[in-house]
Structures are given as C-alpha cells and as structure tokens.
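The values are calculated or read from the model by the stated rules, or taken from the named source; none is laboratory data. Everything numeric here is computed off the predicted structure, so don't read it as measured data. Here Cβ is always computed from backbone atoms with ideal geometry, including for glycine, and neighbour counts include all displayed protein chains. Side chains are part of the model used for accessible areas, which takes the heavy atoms of the whole protein and leaves out ligands, DNA and RNA. Shrake-Rupley method; radii C 1.70, N 1.55, O 1.52, S 1.80 Å.
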Amino acid sequence: MALTVWVMPAGAGTKIVVGAFPNLDAAIKAVLPAFEQAHPDIAVELQVLGYEDYHNALLTALAAGSGAPDVAALEIGYVARYVARGGLTDLTQAPFHVRELTPLWVPYAVGQVTTTDGRIVAVPTDIAPGTLFYRRDILADAGADIQSVVTWDDLLALGRKVTRDLNGDGRADVFLVGDAATVARAMFRGDIPEGEGVYFDRNGRPVVTSERFVKALTLAQRIRREGLDAQIGAWSNEWYEAFRRGTVAIEISGAWFGGHLADYIAPETAGKWGVTNLPEGMYVSWGGSFYAIPEQSRNKEAAWTFIRFLTTRLDSQLTAFRAINAFPALMEAWDDPVFDEPVPFLGGQRARRLWAETASKIQVAVVDPGDAVAEELVNAAISQVLNEDRDVRSALEEAQQLILRRLRR
Amino acid sequence: MSVPSLAHRQRDAVASTLSARWHVWQRRIAPYAFISPFYVLFAIFGLFPLVFSLWLSFHNWNPVGGLGTMEWAGLDNYVYLATDPWFWKALGNTLVLLVISGLPQHLVAIPLAFALNAGLVRMRDFFTAAYFMPYITSAVAVALIFSTIYGTQYGILNTVIRYLASTRLLGWAFEALDVRLPINWLGSSAYIKPAIAILVMWRWFGWNTVLYLTGLQTIPRELYEAAMVDGATTGQQFRWITLPLLRPIMLFAVTLTIIGNMQLFDEPLILVGTGGGTSQAGLTSALYLYRTGFEWLYMGSAAAMSWALVLVIGVLTLINFRLFGRESLQRREG
C-alpha cells in the first residue's frame with residue numbers, strides 16, 4: 001500500500017510528489033523540515049512503496065506516460081535499466097546545468113548515471129564503498145591476522161586457517177565466507193580498465209571472458225572446492241543465522257552492511273566486527289541511491305530545487321547520514337568530524353574515514369543498458385562453476401554468447 | 001365532459017412519447033446498462049490486456065521510454081523464442097515439474113479421498129480441513145518456511161538426513177549411493193527440481209483431495225451396497241466403481257493441475273530466485289517470462305512468450321481432454 005505523507009498544507013504554491021523506497025524515505029523526511037523553511041512556496045508530498053514495488057510502479061508510470069512522481073529516487077540496481085533509454089530528464093540541459101555541480105559529488109557515482117551519449121539523468125545522493133567485513137574474534141581464535149591478507153590468494157590462505165571443525169564431528173563449523181560467489185563478484189568489480197564498464201567495454205561489447213572474470217571465478221571455485229565457504233546463498237534466513245551463530249569469518253559488502261548487521265541481522269555481535277579494504281588495492285562500488293526527474297513531470301524546476309537541496313547541501317547530506325547511515329555522495333561532507341568518530345559496532349574502528357578514502361579511489365565505470373542482463377548471466381555462470389564444478393572459461397564463454405544473443409549485439 | 005384544450009393535448013402527446021421512450025429504454029437498453037459494469041470492467045482489465053499483449057508480442061518495446069518507443073518487429077520475437085535455448089530449457093523444466101509434482105498429487109489425493117469418503121478414517125471433517133490448509137496458506141509464506149527446511153547447514157531436512165546417515169541401519173545406504181552430506185538442496189541442480197516438486201505437491205494435494213471427495217459424494221451409495229452384496233472387496237469397489245465414475249472430476253482436477261503448474265511462479269521464485277538456480281534447474285516458463293519482461297525490460301519477447309505458453313497449455317489441455325474427457329462426457333449424455 002502506498003503511504004502518503006502530507007508534509008505541507010495544500011495550496012502553498014507548487015506541489016511536488018517525491019517517490020522513494022524504504023529506508024531512503026527516512027532520510028528525506030529528516031531533511032524536509034529544513035527544506036520547508038528554505039522554500040515555503042514548494043509543498044512536498046512523499047510517496048513511499050516497498051523497494052521492488054516502488055521500482056516496478058515507477059516503471060509502469062514511465063511506460064504509461066503518466067503517474068510518475070516529480071522526483072524519483074532510484075537504487076543502483078535499477079539505474080542502468082532506467083538510465084539508458086528516455087523517460088528521465090537529461091539534467092545537462094537548461095535550466096538544470098548539472099555539469100556545473102558534478103565536481104561536488106564523488107566521480108564514480110556521477111559516472112553511474114552518465115549515459116554513453118553524454119546525458120546525465122540522475123544525481124547521486126548516497127554511495128556504498130565496498131569493503132571487507134571480518135570477525136575479529138574468529139580470526140583471533142584461529143590465529144589469523146587480517147593484515148596478512150594482501151593478495152586474493154592470501155584470503156584463500158586465511159580461509160584455510162579459519163575454516164575449522166570445532167566440535168569434532170568431522171564437519172567444519174566455521175567457514176571463511178557464507179557464499180564463495182560473493183568473493184567472485186567483488187573481484188571482477190575491481191580493476192576495471194579505464195573507459196570500460198563492469199561487463200561491457202565502451203563499444204558495448206561484453207568483456208565477461210576477460211582475465212578479470214576468469215581470475216575471480218577461479219578463486220571462488222577454489223574456495224568452494226576446498227570447502228571454505230558455507231554454501232549459503234546471501235540474504236537467506238540461513239545466511240542471517242550464520243552471522244548470528246558466528247560461523248562465517250568474513251563478508252564482502254557495501255559500507256551499509258554494518259548497519260544491517262547492527263539493526264536486525266546480528267545485533268548481539270556488536271564490537272566483534274572490523275572492516276578493511278579489499279585485497280590487491282581493489283576499490284569497488286557496492287550500492288548507492290540517486291534522484292531523477294521523470295520527463296513527464298510538470299514541476300521540473302521545483303523538483304530540481306528539491307534534488308539540489310538534498311544532494312548539494314552539506315547539512316542535508318549529514319542529516320541523511322545521521323538518519324539512516326546514508327553515506328554521502330557529496331565529498332565535502334566527508335570532512336565533517338563525524339567521519340572520524342569511532343564506530344562501536346566495529347570495535348571502535350574509525351571505519352567511516354576508511355570508507356571515505358575507499359570511495360575516493362573507486363574508478364569511474366561505464367554504465368551499459370545491458371548490465372542487468374549481463375549481471376544475471378554472469379551469476380548463472382558463477383553458480384555453475386561453484387555448484388557443478390564447471391570449467392570457468394567455458395562457463396564464461398557461454399555467458400558471453402548468451403549476453404550477445406539476448407542483447408542482439 | 002369538456003373538450004381538452006390544445007395545450008392539454010400537446011402535453012398528453014409529449015407524456016405518451018416520453019412514456020413510450022421510457023418503455024423502450026426499460027425494455028431494450030436498461031438491461032445492458034445494468035450489466036454494463038461487468039463488461040466495462042472486463043473490457044478494461046480482461047480484454048484490453050489480452051489484445052495489448054498480443055499486439056505487444058509483435059513489437060520491440062522497452063517500457064522506460066514510454067508507449068511512443070514501441071517498434072514493429074513482426075515475428076522477430078517468436079523467431080527469437082524458437083531459437084532461445086533458455087526458453088526451451090524453461091519449458092522443459094516446467095513440463096518435468098508438471099509431471100513430478102502433478103502426478104503424485106493425484107496418486108495421493110484419489111485414495112485419500114476414497115478413504116475419507118468410505119468412512120475408513122475417524123474425524124473426517126478434521127482431516128479434510130487439515131489437508132486443505134496448505135492450499136489456503138500464502139505461497140510466499142510456505143516457500144519461505146521450506147527454504148528454511150532446505151537449508152544447507154542449519155536446515156531441518158539435512159539435520160534429519162545427517163542423523164539417518166549416522167545410524168547403523170541406514171548409514172550403509174548413504175555410503176553405497178555416495179551421497180555427499182550436507183545436501184545443497186537449493187544449490188545443486190540435481191536437487192532443485194525435487195525440492196520444488198515436494199513443496200508444490202505438499203501445497204496442492206489437499207486441494208485435489210477435496211475436489212475428489214466432492215466427486216465421490218455424487219456416486220450413489222447403492223452401487224457400493226450392491227457391490228458389497230456381490231462380495232466385492234474394498235479394492236475391487238475402488239477399481240470398478242470409484243475410478244470409472246470419477247473420470248469427469250479427474251478431467252477437471254487434472255486440467256486445473258496443468259494450468260496451475262504451467263504457471264508455476266511463486267514457489268521457485270522464493271526457493272531459487274528469478275534466475276532459476278544452478279544451471280537454471282528451477283527456471284520455469286513463468287519465471288523466465290517475468291525476468292525477460294520486468295527485469296530485462298524486453299516486453300515484446302515476454303509477451304510472445306506468454307502467447308507461446310497459452311499455446312502449450314491449450315495443447316496439453318486438449319490431450320488431457322482426449323484421455324479423460326470424451327468418454328466420461330458421452331456417458332453423461334447417455
């Protein structure tokens with residue numbers, strides 16, 4: 001059910017509708033009082049739907065040509081699909097001139113909403129640098145040190161140390177990671193050559209058979225073959241249970257993952273976690289949210305005022321950060337003292353500074369409309385490599401063929 | 001008696017035409033006006049999507065750009081489907097699941113309904129209600145519970161199997177079959193289909209039992225009484241009275257199973273996701289259709305796929321009708 005929140009009385013000049021999903025809506029609500037004060041002439045109506053329902057409803061509205069909000073929030077998983085073909089306003093044009101503002105935001109996030117023909121169709125609000133979360137206690141018990149992990153092979157060696165049978169029943173009780181596929185996905189997201197995307201080169205040719213993918217899937221396969229992962233799919237009940245019981249030593253995820261752990265997955269593990277960068281100096285993006293203006297909006301200027309307020313003002317970005325831990329895309333925000341505060345859940349580590357530094361090192365990757373297709377077909381290859389022990393190169397070859405076929409390139 | 005004035009006559013004439021019109025409206029048009037809500041709603045929510053999806057299946061369309069971006073593609077989408085290995089794989093999976101989850105449902109439901117109807121079971125109403133429970137429970141909730149049951153490390157099923165394998169009685173069997181424990185029910189392609197089939201069967205056998213129970217109650221008691229007088233055993237009664245007279249209900253129940261299973265969606269979605277799991281072992285046609293349309297945004301291909309599915313369901317229903325239908329319906333007429 002749509003939840004409609006009237007924030008301003010009707011009849012106060014222009015009214016704009018803002019569409020969002022949980023819990024980004026909480027960040028918007030936190031910023032709203034300040035916006036009302038600064039712009040009493042613009043009334044904001046917030047429409048919130050569940051994550052998938054929201055994006056599907058937005059898709060329907062774009063298809064039908066009416067019913068879309070004036071400001072539409074977009075999650076990174078949907079950006080490539082929505083960005084590449086019409087429907088969203090090109091913000092490089094007058095009166096938006098977004099190019100004057102782009103230096104404010106972390107460059108890779110701007111790259112994620114820039115099309116190959118140079119349009120910019122959304123503005124980043126929060127980002128998610130990818131990092132390696134590890135359990136301090138499990139590593140200590142196994143006599144392993146996270147500092148020893150410099151290369152991806154070191155991670156495998158660490159896995160051999162921590163994967164152990166504790167109760168002597170002949171089966172491992174503690175594993176390196178829940179799902180070896182997570183490691184593969186982190187690896188091929190790093191080291192993207194200049195001007196390329198995760199799955200496609202600048203000419204739209206899939207690159208999933210490149211060495212980057214072969215290396216990533218091969219390592220994941222070794223992890224599975226040696227029994228170092230628990231073979232648990234991410235975001236399943238069993239996966240949560242593994243974190244509660246403390247049976248996996250690491251997880252690679254976005255900066256927001258700590259919040260999920262602390263809020264509902266395993267709050268009782270507070271203080272036992274730490275974060276560090278991925279091996280071999282890889283810096284990867286693992287999530288993020290954006291705001292766009294659908295073409296069909298009749299209040300584009302008011303919508304633009306609102307988006308600018310959310311994304312270019314230091315206090316708005318910090319308010320959103322305090323409300324839902326939305327890591328600011330606005331680089332200026334990282335200078336705030338709050339980024340040097342220790343995070344109790346991560347054992348008092350100054351993790352936000354680490355994430356900010358990670359974010360600044362993430363490369364700009366080209367976004368391709370075929371990303372959603374490629375991602376799923378590569379995932380299919382990964383699951384065959386892991387679960388059926390299929391040859392890495394032949395699985396990737398097949399993925400490449402299927403991508404070309406589906407995209408008709 | 002005075003002569004009516006002109007004004008009066010005019011008024012009467014107007015009144016009579018009005019009443020005639022009213023009469024016509026009431027007799028001819030009003031019925032349509034009264035039933036029109038159905039037709040209006042049907043046209044909007046039934047007919048329009050149907051026609052639109054057919055129209056769409058001959059186009060290439062990414063919905064993000066709006067309706068104006070539809071491009072005529074002719075038979076392209078159908079040609080693509082015919083040569084798409086994943087479409088055939090999905091169709092094959094769906095048919096396999098139809099057989100391995102559909103057939104056992106009926107093999108369990110018919111004897112069960114017979115036992116309930118024959119009074120072989122105490123607390124008949126309780127069991128009927130209990131068997132029906134899975135059907136009215138939300139598919140999503142059921143599938144979530146089952147995904148917990150199928151868990152690799154902490155799943156109930158694997159815990160039970162591990163215990164069985166550790167006992168002397170059954171341990172040798174697991175060694176002989178070389179079963180690697182724990183079983184990755186939802187990760188390895190060999191187990192995905194059985195895992196889905198078990199869930200589907202569990203969810204639908206009660207529905208079929210109730211259908212058959214209803215059918216059994218239309219069979220006259222006297223036939224059984226006469227058979228008993230002739231000394232027929234329960235098994236013989238089941239074989240020679242119950243099964244033949246149940247054919248019309250079988251036709252109905254099997255048709256529903258075919259249609260329901262060809263559209264299998266919720267259960268595999270929750271268990272293995274829209275990708276269909278390892279080697280697409282759990283990718284059903286409906287999942288592939290959803291993914292093509294709503295995740296990859298190839299609306300034309302998805303529409304073509306849905307019409308291909310209509311065709312397949314039609315053919316299967318026809319086969320089913322040939323098997324169960326003709327004879328039983330003829331008997332009704334006779």
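In summary, helices (runs of 4 or more DSSP H) completely within segment A:301-409 and bearing 2 or more residues that are under 30 Å from B:Tyr288 (Cβ atoms) occur at A:371-387, A:392-407. When segment A:138-159 is filtered for residues that are out of contact with any Leu (no Cβ under 9 Å at 6 or more places or on another chain), open to solvent by 20 Å² or more (accessible area, probe 1.4 Å) and among the hydrophobic types (A, V, I, L, M, F, W, C), the ones remaining, listed by number, are A:Ala140, A:Val150, A:Ala157. Within the set B:Thr233, B:Thr278, B:Thr284, B:Thr257, the sole residue that is of a type in the set (S, T, N, Q) and either in contact with a strand residue (DSSP E or B) (Cβ under 9 Å, 6 or more places away or on another chain) or farther than 23 Å from B:Val200 by Cβ (or both) turns out to be B:Thr233.
May I ask you to list the residues in segment B:156-171 that are more than 10 Å from chain A (Cβ to nearest Cβ), open to solvent by 40 Å² or more (accessible area, probe 1.4 Å) and at pLDDT 85 or above?
Step one: filter segment B:156-171 for residues more than 10 Å from chain A (Cβ to nearest Cβ), giving B:156-161, B:163-165, B:167-171.
From what is left, the residues that are open to solvent by 40 Å² or more (accessible area, probe 1.4 Å) are B:156-157, B:159-160, B:163-164, B:168-170.
Across segment B:156-171, the qualifying residues are B:Ile156, B:Leu157, B:Thr159, B:Val160, B:Tyr163, B:Leu164.
With segment B:155-261 as the region, which helices (runs of 4 or more DSSP H) entirely inside it contain at least 3 residues that are more than 27 Å from the chain's Cα centre (by Cα)?
Numbers: elements: B:156-166, B:168-177, B:189-216, B:221-229, B:234-237.
Filter on segment B:155-261 gives B:156-166, B:168-177, B:221-229, B:234-237.
Do you know which residues across segment B:79-94 are crowded, with 16+ Cβ neighbours inside 10 Å and of a type in the set (Val, Ile, Thr)?
Applying the first criterion (crowded, with 16+ Cβ neighbours inside 10 Å) to segment B:79-94 yields B:80-81, B:84, B:86-87, B:89-91, B:93-94.
Within segment B:79-94, just B:Thr94 meets the criteria.
Among the residues of segment A:185-226, what is the count of those that are part of a loop (DSSP other than H, G, I, E, B), within 14 Å of another protein chain (Cβ to nearest Cβ) and open to solvent by 30 Å² or more (accessible area, probe 1.4 Å)? So that I can check it myself, show each step before the final result.
Going through segment A:185-226, the residues part of a loop (DSSP other than H, G, I, E, B) turn out to be A:190-199, A:201-205, A:207-210, A:226.
Filter once more, so that each one left must be within 14 Å of another protein chain (Cβ to nearest Cβ): A:199.
Those still in the list that are open to solvent by 30 Å² or more (accessible area, probe 1.4 Å) too: none.
So the count comes out to 0.
Residue under question is B:Leu309, and the condition is that it be part of a helix (DSSP H, G or I), open to solvent by less than 20 Å² (accessible area, probe 1.4 Å) and more than 14 Å from chain A (Cβ to nearest Cβ); does it hold? Let's see the steps before the verdict.
Working: part of a helix (DSSP H, G or I): yes; open to solvent by less than 20 Å² (accessible area, probe 1.4 Å): yes; more than 14 Å from chain A (Cβ to nearest Cβ): yes.
Here the answer is yes, as B:Leu309 does meet what is asked.
Considering B:Ala109, B:Ala115, the condition of being free of Cβ contacts under 8 Å to residues at least 24 places away in the same chain, out of contact with any Asp or Glu (no Cβ under 9 Å at 6 or more places or on another chain) and within 15 Å of B:Thr209 (Cα to Cα) is satisfied by B:Ala115 alone. Would you confirm, using the coordinates I've provided, whether B:Leu91 is at negative phi, in contact with a helix residue (DSSP H, G or I) (Cβ under 6 Å, 6 or more places away or on another chain) and modelled with pLDDT of 90 or more? Yes; evaluated as a whole, the condition is true for this residue.
Tell me, yes or no, whether segment B:68-77 has at least one residue that is modelled with pLDDT under 90, open to solvent by less than 20 Å² (accessible area, probe 1.4 Å) and more than 29 Å from B:Leu264 (Cα to Cα). Quick ask: steps written out before the conclusion?
Step one: of segment B:68-77, the residues modelled with pLDDT under 90 are B:68-69.
Within this subset, residues satisfying the condition of being open to solvent by less than 20 Å² (accessible area, probe 1.4 Å) are none.
Scanning segment B:68-77 turns up no residue that is modelled with pLDDT under 90, open to solvent by less than 20 Å² (accessible area, probe 1.4 Å) and more than 29 Å from B:Leu264 (Cα to Cα).
Could we say that B:Thr148 is within 14 Å of chain A (Cβ to nearest Cβ), within 21 Å of A:Asp229 (Cβ to Cβ) and open to solvent by 70 Å² or more (accessible area, probe 1.4 Å) here? Against the criterion (within 14 Å of chain A (Cβ to nearest Cβ), within 21 Å of A:Asp229 (Cβ to Cβ) and open to solvent by 70 Å² or more (accessible area, probe 1.4 Å)), B:Thr148 does not qualify.
All of (1) farther than 30 Å from B:Val272 by Cα; (2) touching a residue at least 24 places away in the same chain (Cβ under 8 Å) hold for A:Val392 with one exception: (1). Within segment A:229-244, the residues that satisfy the criterion of being open to solvent by less than 10 Å² (accessible area, probe 1.4 Å) and not in a helix (DSSP H, G or I) are A:Asp229, A:Ala230, A:Ile232.
Can you find even one residue in segment A:297-308 that is within 14 Å of another protein chain (Cβ to nearest Cβ) and closer than 22 Å to A:Gly87 by Cα? There is at least one residue in segment A:297-308 that is within 14 Å of another protein chain (Cβ to nearest Cβ) and closer than 22 Å to A:Gly87 by Cα.
This table checks each residue for (1) open to solvent by less than 60 Å² (accessible area, probe 1.4 Å); (2) among the charged types (D, E, K, R); (3) under 20 Å from B:Leu271 (Cα atoms).
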| site | (1), (2), (3) |
| --- | --- |
| B:Tyr191 | no, no, yes |
| B:Ala197 | yes, no, yes |
| B:Leu211 | yes, no, no |
| B:Leu216 | yes, no, no |
| B:Ala227 | yes, no, no |
| B:Gly235 | yes, no, no |
| B:Leu243 | yes, no, no |
| B:Ile249 | yes, no, no |
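Residues in segment B:256-284 that are more than 11 Å from chain A (Cβ to nearest Cβ) and either among the hydroxyl-bearing types (Ser, Thr, Tyr) or open to solvent by 20 Å² or more (accessible area, probe 1.4 Å) (or both): B:Leu256, B:Thr257, B:Ile259, B:Gly260, B:Gln263, B:Phe265, B:Asp266, B:Leu269, B:Thr284. Among the residues making up segment A:331-347, a single one is within 25 Å of A:Asp137 (Cα to Cα), out of contact with any strand residue (DSSP E or B) (no Cβ under 7 Å at 6 or more places or on another chain) and in contact (Cβ under 8 Å) with a residue 40 or more places away in the chain: A:Pro344. Does A:Ile192 satisfy the condition of being β-branched (Val, Ile, Thr) and over 17 Å from A:Ala242 (Cα atoms)? Judged against the criteria, A:Ile192 is a match.
Table: residues versus (1) in contact (Cβ under 8 Å) with a residue 40 or more places away in the chain; (2) among the basic types (Lys, Arg); (3) buried (at least 16 other Cβ atoms within 10 Å of the Cβ); (4) in contact with a Ser or Thr (Cβ under 7 Å, 6 or more places away or on another chain).
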{"residue": "A:His260", "(1), (2), (3), (4)": "no, no, yes, no"}
{"residue": "A:Gly288", "(1), (2), (3), (4)": "yes, no, yes, no"}
{"residue": "A:Glu295", "(1), (2), (3), (4)": "yes, no, yes, yes"}
{"residue": "A:Ile307", "(1), (2), (3), (4)": "yes, no, yes, no"}
{"residue": "A:Thr312", "(1), (2), (3), (4)": "yes, no, yes, no"}
{"residue": "A:Ala329", "(1), (2), (3), (4)": "yes, no, yes, yes"}
{"residue": "A:Glu357", "(1), (2), (3), (4)": "no, no, no, no"}
{"residue": "A:Lys361", "(1), (2), (3), (4)": "yes, yes, no, no"}
{"residue": "A:Ala365", "(1), (2), (3), (4)": "yes, no, yes, no"}
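Screening B:Leu120, B:Leu103, B:Leu116, B:Leu97 for residues that are of a type in the set (A, V, I, L, M, F, W, C), under 30 Å from A:Ala234 (Cβ atoms) and either open to solvent by 70 Å² or more (accessible area, probe 1.4 Å) or away from chain A (no Cβ under 14 Å) (or both) leaves exactly one candidate, B:Leu97.
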